[in-house]
Each structure stands twice: as structure tokens, then as C-alpha cells.
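Working notes, structure below.
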Amino acid sequence: MPDSDRMAGYDAVIFDNDGVLVEPPAIDTLLGATRSAFRELGVESADDDHVAAMTLGVTMDELRKVCEAYELDTEEFWRARDTHASRAQRAEFREGDRSQYDDVTVLRDLDHDLGIVSSNQHQTIEFILEHCEFGPLFDTYYGRELSVESIRRKKPEPYYIEAALADLDTDDALYVGDSESDVVAAQRAGLDSAFVRRPHSTGVELAAEPTYDVDDLHAVADLVARP
């Protein structure tokens, strides 16, 4: 629920990307990319559980255990995994299987500094900004670099959000996301958060409470425009 004492404008608005600005990638796309990474490094038939563990919500402990099971170098595997994931996602957009949400256009009317902080690969975010032609709207953007260190830095850690705040020269921003890790990352960075109820997150129950719970980006635009 909104904090009635905080109904005021912000200097900046920072957005998650997948599931907020653009449709999320298909799980089969990501699983296929992970399998391709294993095959590139000589593992033709990786265990399905290992593939799943290396596709979503990857932790450092899981990465080490899976790589040890196949005698793979963690940095080499992770770079291959992220490279294939980024390539597969770019193909989704080029082939018309994935696109931006219609309400992204409302951001053109916001009188705020805007940023993106995503747990997707930085090169994927760069591609999306160009492909969807909304890059000029944003003053800064961050995705993960192609390194194991990015696993430690991704949300719910506030590392990339804090980097974006430094670029925007403010600590007064709203973070807009579609997952619990987005809400927690915002809290850790000392920011208010807005949780967007896209079709994939309509029935999600959160253990961490966002400052605002909204239906779309039109609602975000309305609340940040309040004096």
C-alpha cells in the first residue's frame, strides 16, 4: 500500500527492464541458451536440474557446485552462459516473439531523470534500448557485466542501483520492478519502490512490502507527477 506521508515527486525514476519495460524472456529460451553454453564447453547432456539451476536465480554456491560436477572453469562457463542467453534474447526481439509494453510511451511525458537497473546482461539491455528505440529516454542504465562477480552484485543487492543513483547525482528516486528482489534491492538502497502487476506477476504474493503496488506504468507516471 502507498505511504500516504510520501506522496510527493522524486528527482528520478529507475526501472527494472524485463517484465517492466519489455516482456520477460521465455523460460524455454533461457533454458536452451544454458544448454548451448554447456555444449560449447563439451558437456553434451547436462543434467536437467543443473541446467535449471544455471538459468534462473543463480547463486555463487550453485555455480561452483555445478561447474565442479563437470570440471568446468566457473568464469569460462558463466561467460558462455551469459553470452548464449544474450544472443537468444536478441533473437526473440528480432523474430517478433518479444516486445516492449505499450505503456512505455508514457515515460516520454515524465519530467524526471530516468534510469534502468536490470539483472539481465548489460549487452542485452544495450540491444533492447536500440531495438525498441527508447534509449534516448534514459540518462543511465545498468545490466550485469559478463563476469562471475556480477552474480554477487545483482539484485537484491543494491550495487547497480547505487551506481545509477551516483550517475543521476541523487538519492531521491523511485525504483520500479516486478519481483520481490526488486523491492528488497530498493529497500537496501534506501529507496521507495513500486511493484508493477504485469500479467506474469498479477497473483504474486510478496514477503517484502513495496511502497506502491500498481497495475501499469500509467499508474507510476501518475504517482511520481504528484507535487
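Things worth noting here:
- Selection from the stretch 199-216 of residues that are buried (at least 18 other Cβ atoms within 10 Å of the Cβ) and out of contact with any Ser or Thr (no Cβ under 9 Å at 6 or more places or on another chain): Val214
- Within the option set Ala186, Ala173, Ala166, Ala88, being surrounded by 15 or more Cβ atoms within 10 Å (Cβ to Cβ) and farther than 21 Å from His218 by Cβ holds for one residue only, Ala88.
- Some residue of the stretch 124-144 being buried (at least 18 other Cβ atoms within 10 Å of the Cβ), free of Cβ contacts under 8 Å to residues at least 24 places away in the same chain and not hydroxyl-bearing (Ser, Thr, Tyr): yes
Yes or no, residue by residue, for (1) in contact with a strand residue (DSSP E or B) (Cβ under 9 Å, 6 or more places away or on another chain); (2) modelled with pLDDT under 95:
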position: Val148; (1), (2): no, no
position: Lys155; (1), (2): yes, no
position: Tyr160; (1), (2): yes, no
position: Asp178; (1), (2): yes, no
position: Ala194; (1), (2): yes, no
position: Pro199; (1), (2): no, yes
position: Gly203; (1), (2): no, yes
position: Ala207; (1), (2): no, no
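- In the stretch 158-183, the residue that is nearest to the chain's Cα centre (by Cα) out of those that are over 17 Å from Asp18 (Cα atoms) and of a type in the set (D, E, K, R) is Glu162.
- Pairing residues of the stretch 187-204 that are under 19 Å from Gln100 (Cα atoms) with residues that are of a type in the set (D, E, K, R), at Cβ distances under 6 Å and at least 6 apart in sequence or on separate chains, gives Phe195/Asp213; Val196/Asp178; Arg197/Asp215; Arg198/Asp178; Ser201/Asp178.
- When Phe15 is tested against (1) in contact with a helix residue (DSSP H, G or I) (Cβ under 7 Å, 6 or more places away or on another chain); (2) under 30 Å from Ala225 (Cα atoms), exactly one condition is not met: (1).
- Among the candidates Glu92, Glu68, the residue that is more than 21 Å from Arg198 (Cβ to Cβ), outside any strand (DSSP E or B) and either touching a residue at least 60 places away in the same chain (Cβ under 8 Å) or charged (D, E, K, R) (or both) is uniquely Glu68.
- Residues that are hydroxyl-bearing (Ser, Thr, Tyr) and under 13 Å from Asp48 (Cα atoms), drawn from the stretch 18-35: Thr34
- Across the stretch 50-58, a minimum of one residue is classified as assigned to a helix (DSSP H, G or I) and farther than 30 Å from Pro210 by Cα.
- Test: residue in the stretch 184-193 that is of a type in the set (Val, Ile, Thr) and part of a strand (DSSP E or B): no
- The residues on offer are Leu114, Leu165, Leu107, and the sole one that is part of a strand (DSSP E or B) and more than 20 Å from Leu30 (Cα to Cα) is Leu114.
- Applying a threshold of 6 Å to beta carbon distances and a minimum spacing of six or more residues, or different chains, the list of pairs starting in the stretch 36-48 at a residue that is in the same structural domain as Ser86 (by TED's automatic domain parsing) and ending at one that is in a loop (DSSP other than H, G, I, E, B) and not basic (Lys, Arg) reads Phe38/Ala46; Leu41/Leu72.
The values are calculated or read from the model by the stated rules, or taken from the named source; none is laboratory data. Note that the structure is predicted; figures quoted are calculated from it, not measured. Note that each Cβ is placed from the backbone with ideal geometry, even for glycine, and that neighbours are counted across all protein chains shown.
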